[in-house]
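Just so you know, all these numbers are worked out from the coordinates, no wet-lab data involved. Owing to the predicted nature of the structure, the values given are computational and were not obtained by experimental measurement. Here the Cβ positions follow ideal geometry from the backbone for every residue, glycine too, while neighbour counts run over all protein chains shown.
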Amino acid sequence: AGCEAQSTTQGVYMLLDTSGTYTAELKKAQQIISAILTKLEPGDSFAVARIDTGSFSEKDIIAKVTLDDRPSVANQQKRIFQQEIDDFVRSVKPAQYTDITGGILQASEFLLEKGVGRRTIVIYSDLKEDLKKGFVRDGLQFELADFHVVALNVTKLRGDNIDPREYMKRLDQWQARVQTGGGAWRVINNLDNLDELLPS
């Protein structure tokens with residue numbers, strides 16, 4: 001029965017960019033998190049973490065849950081989870097740096113430990129990585145076999161309007177890193193298409 005549960009449960013780890021102007025996008029993130037919660041079933045796991053200066057850390061997890069088999073308990077868990085997110089968005093201070101690589105490493109470790117069958121990492125960010133001096137992420141390989149990685153709401157930066165190639169290059173680089181690590185990559189910028197967010 002254990003193996004069977006492993007193949008049918010799913011885990012979602014969502015990374016929230018809290019840098020600079022992107023904090024203005026977090027209201028939308030609340031709605032997306034709410035939509036994900038409604039789709040999760042008993043035994044599924046969900047975690048939301050901020051992308052911070054050094055994101056390869058448990059301390060950046062804002063909320064996490066594995067849903068109980070009892071519907072009444074699971075519904076209560078979902079309410080608590082949403083409240084934790086709402087409290088965070090209300091009080092969040094913009095991060096100076098964005099360690100997206102560290103966030104993805106933490107996300108993959110978390111979902112592997114949960115032993116879920118379907119693993120999704122959602123990156124809610126403009127995908128512009130900005131590391132604090134001394135942080136090393138060059139050459140790090142992702143291990144993402146059987147992972148779905150979804151870049152969501154990839155807003156265009158001021159420089160992207162001047163040179164759209166910058167935007168395309170950013171997307172291409174992340175796609176290459178995810179696929180080199182064995183993961184599947186998608187970009188969803190139309191938030192009306194959230195039905196496609198989680199693998200079926």
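Taking amide hydrogens as placed 1.01 Å from N in the peptide plane, the amide H of LEU144 sits under 5 Å from those of GLY182, GLY183, each at least 5 positions away in sequence or on another chain. Our summary of shape: the Cα atoms of the range 67-178 have principal axis extents of 51, 35, 28 Å, ordered from largest down, in whole angstrom. As a length-normalised measure over Cα pairs under 8 Å and 6 or more apart, the relative contact order of the range 1-95 settles at 33 percent.
Could you work out the relative contact order of the chain, using alpha carbon pairs under 8 angstrom and six or more residues apart, expressed as a whole percent?
On the way: 351 pairs, mean separation 47.3, N = 200.
Computed value for the chain: 24 percent relative contact order.
Between beta-carbons, use under 14 Å as the cut-off and find the net charge around LYS28, counting Lys and Arg +1, Asp and Glu -1. Before the final figure, lay out each step's value.
On the way: positive: LYS27; negative: ASP17, GLU25, ASP86, ASP126, ASP192.
Local net charge: -4.
The long axis of helix 71-91 is offset from the longest Cα principal axis of the chain by roughly 20 degrees.
Helical content alone sets the calculated 222 nm signal of the chain at -12500 deg cm²/dmol, taking -39,500 (n - 2.57) per DSSP H segment of four or more residues and averaging over every residue. When the P(r) of the range 1-105 is calculated, the portion above 18 Å amounts to 50% of the C-alpha pairs.
When the Cα centres of the range 115-129 and the range 36-66 are compared, how far apart do they sit, in Å? Computed from Cα coordinates, the inter-centre distance equals 10 Å.
Please express the shape of the range 10-56 as an equivalent ellipsoid: the semi-axes are the square roots of 5 times the eigenvalues of the C-alpha gyration tensor, given largest first in whole angstrom.
On the way: eigenvalues 101, 41, 3 Å².
Working from the Cα gyration tensor, I get semi-axes of 22, 14, 4 Å.
Length, then width, then depth: along the principal axes, the Cα atoms of the chain run 52, 36, 35 Å.
May I ask for the angle, rounded to the nearest 10°, between helix 26-39 and the longest principal axis of the chain, with both axes built from Cα atoms and the value confined to 0 to 90°? Around 30 degrees separate the two axes.
A P(r) calculated from all alpha carbon pairs of the range 99-139, with 5 Å bins opening at zero, reads 5, 19, 26, 19, 17, 10, 3, 0 percent. Rounded to the nearest 10 degrees, the angle from helix 164-180 to the longest Cα principal axis of the chain is 50 degrees.
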